[in-house]
1. Tally the residues that are over 18 Å from residue 72 (Cα atoms) and among the aromatic types (Phe, Trp, Tyr), restricting the search to segment 46-60.
2. What are the pairs with Cβ atoms under 6 angstrom where one residue, in segment 45-60, is in a helix (DSSP H, G or I) and the other, located anywhere, is open to solvent by less than 90 Å² (accessible area, probe 1.4 Å)? Sequence gap at least six, or different chains.
3. Which condition breaks for residue 61 when tested against (1) exposed (fewer than 10 other Cβ atoms within 10 Å of the Cβ); (2) at pLDDT below 85?
4. Under the condition of being at pLDDT below 90 and open to solvent by 80 Å² or more (accessible area, probe 1.4 Å), which residue from segment 28-38 is farthest from residue 66 (Cα to Cα)?
5. In segment 2-17, is there at least one residue being surrounded by 11 or more Cβ atoms within 10 Å (Cβ to Cβ) and among the polar types (S, T, N, Q)?
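The values are calculated or read from the model by the stated rules, or taken from the named source; none is laboratory data. Here the structure is a predicted model, which means the values were calculated and not measured. With ideal geometry, Cβ positions are generated from the backbone for all residues, glycine too; neighbour counts draw on all protein chains shown. The area values use the complete protein model at the heavy-atom level, side chains included, leaving out ligands, DNA and RNA. Shrake-Rupley method; radii C 1.70, N 1.55, O 1.52, S 1.80 Å.
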Amino acid sequence: MVGRCWDVFQPLLFGLIGAEITVTSLNPDTVGLGVACILIGLLVRLLVTFLLVHLGGFTLKEKLFIAVAWLPKATVQV
């Protein structure tokens, strides 16, 4: 039941949040800090994921693939 409701309300939630942002009123310094925060978070997630799968017996290509494959989850969470 909750999953079905989320499927309906999730696009509405993201759409309404996006509609509330006025790009012209954003301070460039604030936007720069936000982008820097997201990039630092993605870099940390990439490194931690790589280190966590390091002992899993994967090849280097597999480790990199897993680390990069988990990045979209982090961006949606942000």
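1. Within segment 46-60, residues that are over 18 Å from residue 72 (Cα atoms) and among the aromatic types (Phe, Trp, Tyr) number 1.
2. 45/74; 46/67; 49/67; 50/63; 50/67; 53/63; 53/66
3. It fails just one condition, (2).
4. My answer is 28.
5. no
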